[in-house]
1. Determine, yes or no, whether Leu164 is surrounded by fewer than 17 Cβ atoms within 10 Å (Cβ to Cβ), part of a helix (DSSP H, G or I) and of a type in the set (A, V, I, L, M, F, W, C).
2. Return the total of residues in the stretch 353-386 being in contact with a strand residue (DSSP E or B) (Cβ under 7 Å, 6 or more places away or on another chain) and in a strand (DSSP E or B).
3. Regarding the stretch 248-267, can at least one residue be identified that is part of a helix (DSSP H, G or I), free of Cβ contacts under 8 Å to residues at least 24 places away in the same chain and under 23 Å from Ser133 (Cα atoms)?
4. Which one of these is in contact with a helix residue (DSSP H, G or I) (Cβ under 6 Å, 6 or more places away or on another chain), closer than 29 Å to Phe189 by Cα, touching a residue at least 12 places away in the same chain (Cβ under 8 Å) and surrounded by 22 or more Cβ atoms within 10 Å (Cβ to Cβ): Ser302, Ser276?
5. Among the residues of the stretch 282-290, is any out of contact with any Asp or Glu (no Cβ under 7 Å at 6 or more places or on another chain), among the hydroxyl-bearing types (Ser, Thr, Tyr) and buried (at least 19 other Cβ atoms within 10 Å of the Cβ)?
6. For Pro22, indicate whether it is closer than 27 Å to Lys165 by Cα, in contact with a helix residue (DSSP H, G or I) (Cβ under 8 Å, 6 or more places away or on another chain) and not basic (Lys, Arg).
7. Looking at the stretch 97-117 only, could you name the residues that are touching a Leu at 6+ places or on another chain (Cβ under 7 Å) and part of a helix (DSSP H, G or I)?
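Every number in this text was worked out from the coordinates using simple rules, so none of it is lab data. Remember, it's a predicted structure, so these values are computed and weren't measured experimentally. Positions of Cβ are generated from backbone atoms using ideal geometry, with glycine treated the same way; all protein chains shown enter the neighbour counts.
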Amino acid sequence: MFPMEKTILKEIVLDQKNKKLPVDFVRRDIEMKIKKDKGDHIVIISGIRRCGKSTLLNSLRQARNESDYFLDFDDERLIDFSVDDFQLLYEVFLELFGEQRVFYFDEVQNIFGWERFIRRLHDSGNKVYITGSNASMLSRELGTHLTGRFIETCLYPFSFAEFLKFKEFKYNHNLHLNTHEKIKLKRMFNEYLQFGGFPSYVKTGDNDYLKSLYESIIYRDIIVRYKLPQEKPLKEVVHYCASNIGKEISFNSLKHVAGIKSSTSIKEYFEYLENSFFVFLLNRFDYSLRKQIYFNKKVYFSDTAIANNIGFHFSEDFGRVLENTVFLQLKRHGKEMYFHKNKAECDFLVKERNKIVMAMQISRSLKNKETRDREIFGLIDAIKEYKLKSGLILTEDEEGAIKEEGYNIKVMPVWKWLLT
């Protein structure tokens, strides 16, 4: 492969240099966390396509005095860029802007061997910010060549609080709301469940945009990257998952859905989907890791709007949309999660330092006695199993406290929990 021409590389760098923040830019919650790091770590921002990583990177650039050493590797003009061209890029930076010590690389995982150059920059005393949308490729290279040199933060589509900021919706942060304020906030929450958190879709509501995003993930991030011979089995699996959010799945049964013979291929599909931050699997908790591996999983999506667009219709089961929304919020906060299944089921367990510290149920409403009894029974089963003192039930709109078998159960609306 021939090296890139310096004149072309200069042109691309200059074209990209003055990327502006969108006029409707919303400062993301994790930006402050990233800025608090004053060390010399390489900063990795990972996450699904189009969730706002590039905008966040540009916001970080604008907050620093040195901001010119920037390149977005998702530019089609860099299709032939290879690891050998990084030195040329460094020379271009020096020629155009003089010496600076801070580098910004967007979607760097597109370049095979990128981590060697990043390590050289870091070892020479430079600060480096990079983004990427493939968890496996990032973690493999980071673990091999950059151990101890980086901090990684995952960016997800808008949280509910970020959605409200994007919509310029003001609310009382203490959440002491009168009836009128509460109704308006609930209306915004329903809109959030429908439109999800991809910034461009929230802005336009254009279903063609979601279709384009879906196709980019399926084809560019999975089929092309992993050289899959067929697209139909993968799409069948995704469609099935989008129609069964929060339900148990097994690789063995899904092979029949996909029309293939091997459950190993299904397992690989999910690895690819998770690597792209598109679909997530939740393990059933057991103290035996071997049993955890072989138990059925539950499936959740990175965004409720895209799941709804693919195959799931949230009007059919509002409770599962709430469940997916809670799952994503726990992911945003870096929680280690499982679901519980013994005498009964409990939606989420949160684990910290090898100990289950929280049990949660998600239900649209507790007004129906059968539903109420089922949710409480499952929660109490988990509370007893993991020796907890209390539990939490999140609903669409109900709030209060329940005392059951001596245990305290807090009931709270999902929208309020998301903002506290």
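1. Details: surrounded by fewer than 17 Cβ atoms within 10 Å (Cβ to Cβ): no; part of a helix (DSSP H, G or I): yes; of a type in the set (A, V, I, L, M, F, W, C): yes.
Answer is no for this residue.
2. 7
3. Looking only at the stretch 248-267, we keep the residues that are part of a helix (DSSP H, G or I), and these are 251-258, 263-267.
Remaining after also requiring free of Cβ contacts under 8 Å to residues at least 24 places away in the same chain: 251-257, 263-264, 267.
Next, from what is left, pick out any that are under 23 Å from Ser133 (Cα atoms): 267.
Yes, the stretch 248-267 has at least one match.
4. Numbers: Ser302 fails: in contact with a helix residue (DSSP H, G or I) (Cβ under 6 Å, 6 or more places away or on another chain).
Unique residue meeting the criteria: Ser276.
5. Taking the stretch 282-290 first, the residues out of contact with any Asp or Glu (no Cβ under 7 Å at 6 or more places or on another chain) are 282-290.
After this cut, where a residue has to be among the hydroxyl-bearing types (Ser, Thr, Tyr) as well, the list is 287-288.
Right, trim to buried (at least 19 other Cβ atoms within 10 Å of the Cβ) and you get none.
No, the stretch 282-290 contains no residue that is out of contact with any Asp or Glu (no Cβ under 7 Å at 6 or more places or on another chain), among the hydroxyl-bearing types (Ser, Thr, Tyr) and buried (at least 19 other Cβ atoms within 10 Å of the Cβ).
6. Values: closer than 27 Å to Lys165 by Cα: yes; in contact with a helix residue (DSSP H, G or I) (Cβ under 8 Å, 6 or more places away or on another chain): yes; not basic (Lys, Arg): yes.
For Pro22, the condition - closer than 27 Å to Lys165 by Cα, in contact with a helix residue (DSSP H, G or I) (Cβ under 8 Å, 6 or more places away or on another chain) and not basic (Lys, Arg) - is met.
7. As a first pass, look at the stretch 97-117 and keep what is touching a Leu at 6+ places or on another chain (Cβ under 7 Å): 103-106, 109, 115.
Within the stretch 97-117, Gln109, Glu115 qualify.
Yes or no, residue by residue, for (1) of a type outside the set (Phe, Trp, Tyr); (2) more than 30 Å from Leu121 (Cα to Cα); (3) surrounded by fewer than 16 Cβ atoms within 10 Å (Cβ to Cβ); (4) over 19 Å from the mean Cα position of the chain (by Cα):
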position	(1), (2), (3), (4)
Gly148	yes, no, yes, yes
Phe158	no, yes, no, no
Tyr171	no, yes, yes, yes
His180	yes, yes, yes, yes
Ser212	yes, yes, yes, no
